[in-house]
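Participant: Just dropping this structure here.
Values in this text are rule-based calculations from the coordinates and carry no lab data. Only a predicted model underlies this, so the values are computations on that prediction, with no experimental measurement involved. Cβ: placed from backbone, ideal geometry, glycine included. Neighbour counts: every protein chain shown.
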Amino acid sequence: MSSAMLARMTWFLPLAGGMGYSACMLLAGPPLGWWPLSLVALAPLVWGALREGGRFWRDGLLATVGAVPLWAVTQSWVHEVSVMGYVPLVAALALCVGAFVALLGGVARTMPRLALSLAVPALWTGLEFLRGEILCGGYAWGFVVHPLIDSPGAALMASKGGVYLVSAFVAMLVGMAFDVRRARRATGRVQWLAVVTAFVMSVVFFVPDLRRPPAGRSVRVAVVQTNIPQSNKIAWTIEEELAAMARFEALTRDAAAQRPALIVWPETMMPGLSLEPSALAELRAKGLFFRVHEAAGEREVDADEFAKRLFALSREIGVPMLVGEEAWEGLRIRDGADGIRFEKDHRFNSVYLVRGGALGLERYDKMSLTPFGEVMPYVRHWPALQQQLLDLAATGMAFDLSEGQRRAVFTIETSEGPIRAVTPICFESTSAGVCRTLAYDGGTPRTDLVVIVTNDGWFGDSDLARAQHLQMARWRAAELGVPVVRAANTGISAVIDARGRVVASGIDSQPGAARVDGVLTAEVTLSDQPTFFARLGNAAGWFCLSGGVGLGIAAAHRRRVLARTSLAGPA
């Protein structure tokens, strides 16, 4: 069979590579959790990129098609949120995979002597960093190394350089394996590098972390896991809000009976408009009330009823509470011919500290809004256009949240002494950079505990997405060396130690449970010992991105030089 015929027959290799990558990642992640497969998930992509006779742009498109199944499955929940947003998101994520195959193929063909152990991490991790931290505000979902949080030794490397260092290391090992393969074909000998590669991989990912557990105070925390479907949350009736509040109160009393130092409610689960004092004062001043229809008849409920009930509950149980709720600043209620209209200066996605029947002095406002879930990147600067697109893609939603400006730290007084806590909200927990900014000031700790409040009701019936979201929170604990408490509407709530290991999850009677309500209680060992990552941040990500850009420029320049040489012909 001629070499030309063989080249024509291998056109499908990049497509097969993309499909192999999809298969590895689907099997490595939840619910199966075969995490060792993520160590080799990049190999099919590299194999497809290096095929002889390929065209880098066509190989990239074929790999993109092969990667679609992965993202179609893991992002299926987006379809329920935005029908029109689902396809573009899946396409964009798959294109990132195709871009890697195209870039690697182009670089390898123009610079054949370049070590793949350098090229693969520079291009792959550089693209992941670009996607996760920079483009469109960052979408750090589904990284190739995320399943490795279940490996015995990944947390140690994460504490040194974060998730991007682990990504670069895995990519380097895959590239090294292909370097060995190329050297073996050239010399006919098994290279010592293969043995070293296998040894390093075994030590790093399969040998347990032998570090001593961090020493610190232990405190009991309790999480109220609610179970409000997002469809209900968007269009709550007053009757549903009252029923939900009664259930939350009952669960909170159950939590308080466990004598915790802190009770946490999930993101924006507090019924009512806001807990902001000025907003409550405006509701009272205007005499606003709701008409509630019950079996016994109709009654009136003051618009600030939910805040009053929360403060009464706080006085009753005597335990500090962190509560997710919206903050309306500058609320103005207008009564016109077309009915009551609410105006405001700002609306924030916030966390409040409630203790002794009153609000604490601090309030945390979400600083990094979720792209396409709370804000449209770039388009946000043209509000009219943003609203038109929103009406087209996600009817009923309003992207009118403001970004917070303060890195608030809550000081919670307990019988065991004060606890400092920071509270990233929902999608902020996927970003290594955002969480580091909250937990550390340079390399100086600002917190003893990271409390994540999230509304995972957005994931609908996708427990896969819930498990992946929890997986990312575990990486933050390992990177920062700080324990994490996670309060999630619809689950999966969790308590995570400073090594990224799950201490408890779900609710007390059903570990790991999702889409049920209940209480989760556990002991947490506090820690404020800075990690190397806390001092350096995402240096590994920036380094790989710079290296990838440099390789791309060098390959393009060499390609032009080779083209000119070819046109000039022999001297």
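Participant: With viscosity set to 1.567 mPa s and temperature to 4 °C, compute the Stokes-Einstein D of the chain, Rh being the Kirkwood radius across alpha carbon pairs; µm²/s, no decimals.
Facilitator: Answer, rounded: 51 µm²/s.
Participant: Shifting gears a bit: Would you mind pulling out the separation of the Cα centroids of the stretch 255-326 and the stretch 21-50, in Å?
Facilitator: 47 Å
Participant: If r is the Cβ-Cβ distance from Q258 to A16 and R0 is 60 Å, what FRET efficiency results, to the nearest 0.05?
Facilitator: Working from the Cβ atoms, E equals 0.65.
Participant: Something else: When you take every Cα atom in the stretch 101-143, what is the radius of gyration, and what is Dmax, the widest Cα pair distance, in Å?
Facilitator: Expressed in Å, the Cα Rg and Dmax of the stretch 101-143 come to 12.2, 36.
Participant: So, in nm, how far is label W57 from label A296 when the simple model puts each one 7 Å beyond its Cα toward the Cβ?
Facilitator: If labels sit at W57 and A296, their model points lie 7.3 nm apart.
Participant: Between R558 and M111, what is 0.36 nm times their sequence separation minus the Cα-Cα distance? Round to one decimal in nm.
Facilitator: Stretched fully, the R558-M111 segment lengthens by 160.1 nm.
Participant: Can you tell me the dipole magnitude for the chain around its Cα centre, using point charges on the Cβ only (Lys, Arg +1; Asp, Glu -1), in Debye to the nearest 20? Provide the component values of the computation, followed by the final result.
Facilitator: On the way: 54 positive and 50 negative charges, 673 e Å.
Here the size comes out at about 3240 debye.
Participant: Which angle between 0 and 90 degrees, to the nearest 10, do you get for helix 463-480 versus the longest principal axis of the chain when only C-alpha atoms count?
Facilitator: So the inclination is approximately 80 degrees.
Participant: Label the stretch 440-571 by shape, choosing from rounded, prolate and oblate, from the square roots a ≥ b ≥ c of the eigenvalues of the Cα gyration tensor; if a/c is under 1.5 it is rounded, and otherwise prolate applies when a/b is larger than b/c, oblate when it is not.
Facilitator: Since a/c reaches 1.5 but b/c is at least a/b, the shape of the stretch 440-571 is classed as oblate.
Participant: I'd like the orientation of helix 383-393 relative to the chain: the angle between its Cα long axis and the longest Cα principal axis, in ° from 0 to 90, rounded to 10.
Facilitator: Approximately 80 degrees, to the nearest 10.
Participant: If you don't mind, another one. Quick one: if you stick a label point 7 Å off each Cα along the C-beta vector at L361 and S415, how many nm between them?
Facilitator: Computed distance between label sites L361 and S415 equals 2.6 nm.
Participant: Once both labels are modelled 7 Å past Cα along the beta-carbon direction, what's the S546-V73 spacing in nm?
Facilitator: Taking the simple label geometry, S546 and V73 are separated by 3.8 nm.
Participant: As I understand it, the value is the acute angle between the Cα axis of helix 154-187 and the longest principal axis of the Cα atoms of the chain; what does it come to in degrees, rounded to 10?
Facilitator: 20 degrees
Participant: Be a star and scan the stretch 138-155 for residues whose amide nitrogen sits under 20 Å from the point 7 Å along the Cα-to-Cβ vector of R211.
Facilitator: Backbone N within reach: 145-155.
Participant: Another one. Using the alpha-carbon centroid of each, what span in Å lies between the stretch 113-171 and the stretch 490-507?
Facilitator: So the separation of the two Cα centres works out to 23 Å.
Participant: Please give every one of the aspartates and glutamates within straight-line cross-link reach of K160, meaning a C-alpha to C-alpha distance under 18 Å, and leave out same-chain neighbours fewer than 8 residues apart.
Facilitator: Qualifying aspartates and glutamates at Cα under 18 Å: D150, D209, D441, E479, D497, D528.
Participant: Quick check: from the Cα gyration tensor, does the stretch 459-530 come out rounded (a/c under 1.5), prolate or oblate?
Facilitator: Because a/c hits 1.5 or more and a/b fails to exceed b/c, the stretch 459-530 counts as oblate.
Participant: Sticking with this structure for a sec: Would you calculate a helix-derived [θ] at 222 nm for the chain, using -39,500 (n - 2.57) for each DSSP H run of n ≥ 4 and dividing by the full residue count, to the nearest 500? Intermediate results must be reported in sequence, preceding the final value.
Facilitator: Values: 18 runs with 262 residues, N = 571.
Rounded to the nearest 500, it is -15000 deg cm²/dmol.
Participant: Let me know the longest stretch in the chain that avoids all trypsin sites (Lys or Arg not before Pro) found in a DSSP loop with at most 12 other C-beta atoms within 10 Å. Could the numbers behind the result be given before it?
Facilitator: On the way: sites that count: R113, R189, R211, R406.
Here the longest segment lacking exposed loop sites spans 212-405.
Participant: Which whole-Hz ³J(HN,Hα) couplings does the stretch 362-369 yield from phi under the Karplus relation 6.51 cos²θ - 1.76 cosθ + 1.60, θ = phi - 60°, glycine and proline marked x?
Facilitator: Each residue's phi maps through the Karplus curve to give 8, 9, 9, 10, 3, 8, 10, 6 Hz.
Participant: Calculate the translational D of the stretch 67-173 in whole µm² s⁻¹ from Stokes-Einstein, where the hydrodynamic radius comes from the Kirkwood formula applied to all Cα pairs, the temperature is 10 °C and the viscosity 1.306 mPa s.
Facilitator: Reported coefficient: 105 µm²/s.
Participant: D441 label point, 7 Å along Cα→Cβ, cut-off 18 Å on backbone N: hits in the stretch 522-556?
Facilitator: Answer for this model: 528-531, 534-537.
Participant: Here is a further query. Can you list residues whose amide H is under 5 Å from G512's amide H, if they're 5+ apart or on another chain and H is modeled 1.01 Å from N?
Facilitator: Hits under the 5 Å cutoff: S505, G506, I507.
Participant: Assuming R0 = 22 Å, what is the FRET efficiency of L135 and K160, from their Cβ-Cβ distance, to the nearest 0.05? Could the numbers behind the result be given before it?
Facilitator: On the way: r = 26 Å, r/R0 = 1.17.
Calculated transfer efficiency: 0.30.
Participant: Continuing with this model, one more query. Only bridges with both residues in the chain count here: give the DSSP antiparallel percent, nearest 5. All intermediate terms of the calculation are to be shown ahead of the outcome.
Facilitator: Details: 46 of 61 bridges.
Restricted to the chain, the bridges split so that about 75 percent are antiparallel.
Participant: Roughly what % of Cα-Cα distances in the stretch 402-475 sit above 16 Å, to the whole percent?
Facilitator: Taking all Cα-Cα pairs of the stretch 402-475, the fraction more than 16 Å apart is 55 percent.
Participant: Given 0.36 nm per residue, what is the gain on full extension from D335 to W236 after removing their alpha carbon distance, in nm?
Facilitator: Details: separation 99, 0.36 × 99 = 35.64 nm, distance 2.23 nm.
The D335-W236 span can extend by a further 33.4 nm.
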